[in-house]
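FYI, it's all coordinate maths here, none of it is from the lab. None of these values were measured; they are calculated from a predicted model. Methodologically, a virtual Cβ is constructed for each residue, glycine included, from the backbone with ideal geometry; neighbour enumeration extends over all protein chains shown.
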């Protein structure tokens with residue numbers, strides 16, 4: 001699929017749930033979220049049907065997200081079915097790794113190639129604070145298990161937060177010596193957490209200031225949102241994802257499907273296309289998707305203060 005700006009759209013991120021076993025401060029409002037009714041959430045069969053259509057249209061990269069995708073009942077069956085779709089070349093999952101020690105081997109057997117893991121700190125107390133109660137050991141155990149079963153390369157996604165983890169940059173970067181990729185992501189003002197995010201924002205340029213011996217390396221994938229760097233001799237890479245200070249819209253190749261059946265053409269746009277209603281009415285959604293792709297916006301406008309109201313957990317990572 002080619003959009004009106006000549007970008008090839010071949011990447012679909014599927015949120016299977018807006019529920020999570022953590023309550024990270026930049027993702028979920030303090031009061032939590034209102035649980036969607038069962039009928040509002042796409043069934044696993046509906047998700048699989050939509051995924052099949054996208055693959056028929058040329059999508060060859062799929063990522064399963066949440067909330068926390070591993071809390072969705074029946075998720076392993078869905079993952080196996082999508083992993084078996086002919087045409088899917090890159091199949092991954094984003095997780096907080098809390099349940100990964102239990103499920104890593106089953107995910108690997110079901111066809112998942114690799115995992116992205118959210119980890120913002122290596123300090124137990126700070127981890128408990130930012131996640132509102134999570135235990136760092138659970139995530140570290142999950143990372144270890146993913147390494148052992150071969151869900152690699154492992155990419156750790158670290159949201160850079162002023163006054164919280166900006167003193168841990170060296171420690172996080174040093175994880176790349178063990179073959180783990182660490183990607184620093186600028187804090188995004190999304191949903192009810194936008195004011196908190198704006199107050200705690202720090203540019204990824206700080207990483208380069210802090211770790212002076214990072215060497216820039218060539219991207220393997222032009223569509224990747226990250227600029228990559230490396231420590232001398234390290235097996236893994238350091239990625240900087242800068243949606244605020246240096247947006248990467250010109251190479252955007254992705255769309256998102258929310259757990260309630262909305263197609264989001266841009267993470268930072270309020271525009272959503274309903275796929276749930278037509279699919280439940282037995283309509284052919286292929287033409288609807290093609291038409292939607294042609295309307296994918298050129299770029300977001302976060303720099304102008306145009307923020308969306310949906311919380312990140314309701315969109316999918």
With Cα coordinates, the longest principal axis of the chain makes an angle with the long axis of helix 136-149, in degrees rounded to 10, of 70 degrees
Full extension between residue 167 and residue 90 adds, at 0.36 nm per residue less the Cα distance, a length in nm of 24.3 nm
Quick numbers on the chain, Rg and Dmax over C-alpha atoms in Å, give 18.6, 57
Between residue 248 and residue 210, the FRET efficiency computed from the C-beta separation at R0 = 22 Å comes out, to the nearest 0.05, as 0.50
Ordered by fewest other Cβ atoms within 10 Å, a rough proxy for footprinting exposure, 221, 3 read 221, 3
Within the chain, the percent of DSSP beta bridges that are antiparallel, given to the nearest 5, stands at 30 percent
Expected sort for 148-159, 133-144, 283-294 on mean C-beta neighbours within 10 Å, highest first, is 148-159, 133-144, 283-294
Expressed in nanometres to one decimal, the distance between label points 7 Å along Cα→Cβ at residue 280 and residue 174 is 5.3 nm
Helix 100-110: inclination vs the chain longest Cα principal axis, degrees, rounded to 10, gives 50 degrees
Two pseudo-spin positions, 7 Å from Cα along C-beta at residue 195 and at residue 223, lie apart in nanometres by 3.8 nm
Cβ density ranking, 10 Å radius, fewest first, applied to 64, 180 yields 180, 64
If 248, 91 are placed from fewest to most neighbouring beta carbons inside 10 Å, the sequence is 248, 91
